[in-house]
1. For the stretch 37-171, what's the relative contact order in percent, using C-alpha pairs closer than 8 Å and at least 6 residues apart?
2. Share of the chain's accessible area from carbon and sulfur, percent, 1.4 Å?
3. For the chain, build the charge dipole from Cβ charges (+1 Lys, Arg; -1 Asp, Glu) around the Cα centre, then report which of 92, 248, 80 sits farthest towards its positive end.
4. I want the antiparallel fraction of DSSP beta bridges within the chain, as a percent rounded to 5.
5. What full-extension length gain, to one decimal in nm, is calculated for residue 173 and residue 331 as 0.36 nm per residue of separation minus the Cα-Cα distance?
6. Express the relative contact order of the stretch 32-117 as a whole percentage, based on alpha carbon pairs under 8 Å and six or more residues apart in sequence.
7. So what is the relative contact order for the chain, in percent, with contacts set as C-alpha pairs under 8 Å and at least six apart?
8. Counting only helical runs of four or more DSSP H residues, what would the 222 nm mean residue ellipticity of the chain come to if each run contributes -39,500 (n - 2.57) and the total is spread over all its residues?
Amino acid sequence: MNPTQPAVQAAGGPAVAPAAPVLQLDNLQTHFFTAVGTVRAVDGVSYELKAGETLGVVGESGCGKSVSALSILRLVANPPGRIVGGAIRFQGRNLLELSETEMESIRGNEISMIFQEPMTSLNPLYTIGRQVGEAIALHQGLSRGEAMNRAVEMLRQVYIPEPERRVHAYPHQMSGGMRQRVMIAMALSCNPKVLIADEPTTALDVTIQAQILELMRELQKTFGTAIVLITHDMGVVAENADRVVVMYAGRKVEEAPAADLFDNPGHPYTRGLLGSIPHLDTAARSDTGRNRLTEIKGMVPSLFNLPPGCSFAPRCSFATDHCRQETPSLMQYRPGHWVACWHADRLLGGAS
């Protein structure tokens, strides 16, 4: 039990401890060792995922979202990458202490992942049915025929038409949206407890994107799967996440329930991300119908050579000398709302 979480008093009964998280990252550190220096891609990130919830992990490209996800499954290429510190606990077991054989029984079975680009994640030499059925046969001990029947059923559950015929198709014979549905079918084929969705709607048109996200919500209700939704699209987070973790330059800079984060962000970087979302109602009230989106000035700093103090300070309009000299600690300012900013009190108070 997390000591920061009080026990809940049940009506007419004893206090009930809150449910233990199904997945915990505790001070995770994943570095890449190169000829020109060390890249601290993930530098002390912690978060929890509860059964049945969706946790959004957001930030610009290069902030460490995908590397943290690959670290969970221990898929970071070594060399040059290596997990150098922290713990990753799945149902209380530290995955970093397991053997490779033990990890193989978890990958694709209890923890699955939807990768960013389905065309490069699917093997072009094998049929869809063989690829979906492989994990089923491996983890559930089914025969090839039984695994193929299960693959057909999974394709049907993700609304792929004519699944009996599609299992014999190759990836290049399917559209981008269909391939993404195949990836979801593969990921959910063994009823995992945790699904990591890394930019699951990248490169899809808006209509297909909405269909894929709705499909994930439906399947989450069916299977009770906890989801880590990794994206840079704040609109996707607003529609799908229960809680949100905001990452910048390899670190967590804010965490809050989704509604609280969108209503009252406490970090200038989060404010910048939210300000970049286009609003149709604002455009409709404009005389020209076109309003310039808010931009976060400057560039993401090089992870080879981060600036002293707060990494966001060179791009931040709130930055002071204190920000440029000392790194802010992650502090809880409201229940469940954590911010790493020296000006969080002012920002959460509504100052602009």
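The values are calculated or read from the model by the stated rules, or taken from the named source; none is laboratory data. Since the structure is predicted, the reported quantities are computational estimates derived from the model, not experimental observations. For neighbour counting, all protein chains shown are included, and Cβ atoms are generated from backbone atoms with ideal geometry for every residue, glycine included. Heads up: the accessible areas ignore ligands, DNA and RNA and are worked out on the full protein's heavy atoms, side chains in. Shrake-Rupley method; radii C 1.70, N 1.55, O 1.52, S 1.80 Å.
1. 17
2. Taking all protein chains in place, the chain shows 53 percent carbon and sulfur surface.
3. About the Cα centre, the residue reaching furthest to the positive side is 80.
4. 65
5. Extra length from residue 173 to residue 331 when fully extended: 51.8 nm.
6. Normalised by residue count, the contact order of the stretch 32-117 is 25 percent.
7. 18
8. Value at 222 nm, helices only, nearest 500: -9000 deg cm²/dmol.
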